[in-house]
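Below: one structure, written as C-alpha cells.
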Amino acid sequence: ILYGSETEQHQTEGIQAIRSADAILVSVRRRALVTADKNLLQDFVASGKPVIGIRTASHAFSLRGKPTPDGKAVWDKFDAEVFGGNYSGHYGNNLKSTLSMQITHESDPILGSTNPVVIKPGGSLYKTAPLAPGANTLLFGEIESEEAEHPVAWTFVRGDGGRSFYTSLGHKDDFAQPEFEALLSAGIHWVCGL
C-alpha cells in the first residue's frame, strides 16, 4: 500500500516494498517522488502487475502545475496510463451525488459478488469522464443539478496486460459502509485474478 508520510508531503512511505509486491493499492494525493522511486513504480506497472487505486490515486503523482521539488519527479499521466482515467477536478463538497450501476447482471466478476450497490458517497463527486477506450465502467455518479454522469468505479486492462481497478470512492465515510468495503474487496480480487 502506497500512502503519504504524515510529516513530509513528498515522502512516500513503504515504496521500496514494491520490489517484492504482487499488487499495489495507491491512496496518495499530489506527491512528487524521489526519481528512483518513480522509476521503481513505473517498472512495477510496466511488468503487468495489478494496481488498485482509491479516491485521490487519480492525482497521486501530479502537482497540478506547481514546481517539482529538487530531486523529485512527478507522473502527471499516472491516472490516464494506469487507470484509463481522466480526472479533471471535483464538484463541491456540499453537492451530494447518487450512484447507479452500469452493469446489472449477476455474472459480472466485481458487481456480481457484492450486494446491490447502495453506497452513499461521503466525499465530493470526481469529474472523470470520459474514460480511455477499454475502461469498463461499473458505477456512475451524478449530481442533481448537473446532466453529466461521471464514472465512479471501473476496471482497465493496461497496454502491458496488467489489470487495474479504480474507484473515486474512498472518503473516510465510505469506509464505514460495508457495501463500499465489499466493492473494494471484489475489485482487489479481480485485479489479482482471484
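For the reader, a short list of remarks on this structure follows.
- Computed over the chain, the per-residue total of -39500 (n - 2.57) for DSSP H runs of n ≥ 4 gives a 222 nm mean residue ellipticity of -4000 deg cm²/dmol, rounded to 500.
- Listed values for the range 154-161 are Karplus-derived 3J(HN,Hα) couplings in whole Hz (6.51 cos²θ - 1.76 cosθ + 1.60, θ = phi - 60°), namely 7, 10, 8, 9, 6, x, 7, x, and x replaces Gly and Pro.
- Accessible area of the chain belonging to carbon and sulfur atoms, whole % at 1.4 Å probe: 49
- Of all DSSP beta bridges confined to the chain, the antiparallel ones make up roughly 70%.
- Within-12-Å neighbourhood charge of ILE188 [Cβ basis; K, R +1; D, E -1]: -1
- Each peptide in 168-176, 56-64 was scored by the mean count of other Cβ atoms within 10 Å over its residues; highest first, the order is 56-64, 168-176.
- Taking all protein chains into account, the per residue accessible area for the chain stands at 50 Å² (1.4 Å probe).
- Pair THR68, VAL157: separation of 7 Å Cα→Cβ label points (nm): 3.2
- Dimensions of the range 12-93 from C-alpha coordinates, computed as largest minus smallest value along each principal axis and given longest first, are 39, 29, 20 Å.
- Ordering of 70-79, 135-144, 14-23 by burial proxy (mean other Cβ atoms within 10 Å per residue, highest first): 135-144, 70-79, 14-23
- Using a simple spin-label model with pseudo-atoms 7 Å out from Cα toward Cβ, ASN93 and ARG30 lie 1.3 nm apart.
- Unsatisfied cross-links (Cα-Cα over 22 Å) in the set LYS77/LYS172; LYS38/LYS77; LYS120/LYS172; LYS49/LYS77; LYS49/LYS172: LYS77/LYS172; LYS49/LYS172
- Cα-Cα pairs of the range 26-177 separated by more than 19 Å (percent): 54
- Principal-axis tilt of helix 178-191 within the chain, Cα atoms, nearest 10 degrees: 60
- Under 20 Å from the HIS189 label point (7 Å along Cα→beta-carbon), backbone N, the range 69-102: 101-102
- Across the range 20-34, rounded Karplus estimates of 3J(HN,Hα) from the backbone phi angles (6.51 cos²θ - 1.76 cosθ + 1.60, θ = phi - 60°) give 10, 7, 8, 7, 10, 10, 9, 9, 9, 10, 6, 10, 9, 10, 4 Hz, Gly and Pro being marked x.
- Cα-based helix-to-principal-axis angle, 35-46 vs the chain, degrees rounded to 10: 50
The values are calculated or read from the model by the stated rules, or taken from the named source; none is laboratory data. These numbers come from a predicted model, not from an experiment. Using ideal geometry, Cβ is built from the backbone for each residue, glycine included, and neighbour counts are taken over all protein chains shown. In case anyone asks, the SASA skips ligands and DNA or RNA and just uses the protein heavy atoms, side chains included. Shrake-Rupley method; radii C 1.70, N 1.55, O 1.52, S 1.80 Å.
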